[in-house]
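Peer 1: I have a structure here, written as structure tokens, and I will follow up with some questions on it.
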Amino acid sequence: MPVKLNSKSLSESAEARIEIVPLIDIMFFLLASFMLVSLSMTTMKSIKLDLPTATTAAPDIKKDLVDISVDKDAGVYLDKKPMADNELVTALTTALHANAKLRVFISGDKNVRFGAIMHVMDLVRSAGVEHVAFDIRPTDKGKNS
């Protein structure tokens with residue numbers, strides 16, 4: 001089927017215009033896509049633990065925390081990396097020199113011995129860190145403890 005071309009020259013035809021409505025639709029789609037992707041990107045610095053629960057626990061997501069995890073076998077991890085005691089103290093001391101208000105977040109499996117958690121806390125304090133918090137999971141309000 002032959003294509004019929006307009007014989008009018010550009011000067012005789014109507015002024016060219018850009019349809020902006022489809023562009024706006026595409027921009028809103030891209031904006032929504034980027035927002036959803038950015039919300040799904042979370043920084044998980046700790047290993048998978050079965051945390052103890054508390055009724056007064058509240059989620060506290062901070063980006064400037066150093067996370068120390070203790071698994072049920074008393075293995076110590078600094079931001080998901082296994083650490084020996086001397087490595088942990090050295091890493092914390094270095095981080096403390098970089099940030100004078102360094103805060104440490106200790107997560108311990110609920111089946112780990114209390115002595116292992118206190119040993120990690122002692123190491124944190126020996127590195128000079130003053131701000132220490134413990135990670136717990138809030139209990140479900142419908143369940144009885």
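The values are calculated or read from the model by the stated rules, or taken from the named source; none is laboratory data. Only a predicted model underlies this, so the values are computations on that prediction, with no experimental measurement involved. A quick note on method: Cβ atoms are made from the backbone with ideal geometry, for glycine too, and the neighbour counts reach across all protein chains shown.
Peer 1: Kindly provide the set of residues from the range 82-114 that are crowded, with 18+ Cβ neighbours inside 10 Å and among the aromatic types (Phe, Trp, Tyr), ordered by number.
Peer 2: PHE105
Peer 1: For the range 115-131, which residues satisfy the criterion of being surrounded by fewer than 13 Cβ atoms within 10 Å (Cβ to Cβ) and either outside any helix (DSSP H, G or I) or at pLDDT below 85 (or both)?
Peer 2: Selection gives GLU130, HIS131.
Peer 1: In the range 93-110, what residues are more than 20 Å from the chain's Cα centre (by Cα) and modelled with pLDDT of 85 or more?
Peer 2: Matches in the range 93-110: THR93, THR94, LEU96, HIS97, ALA98.
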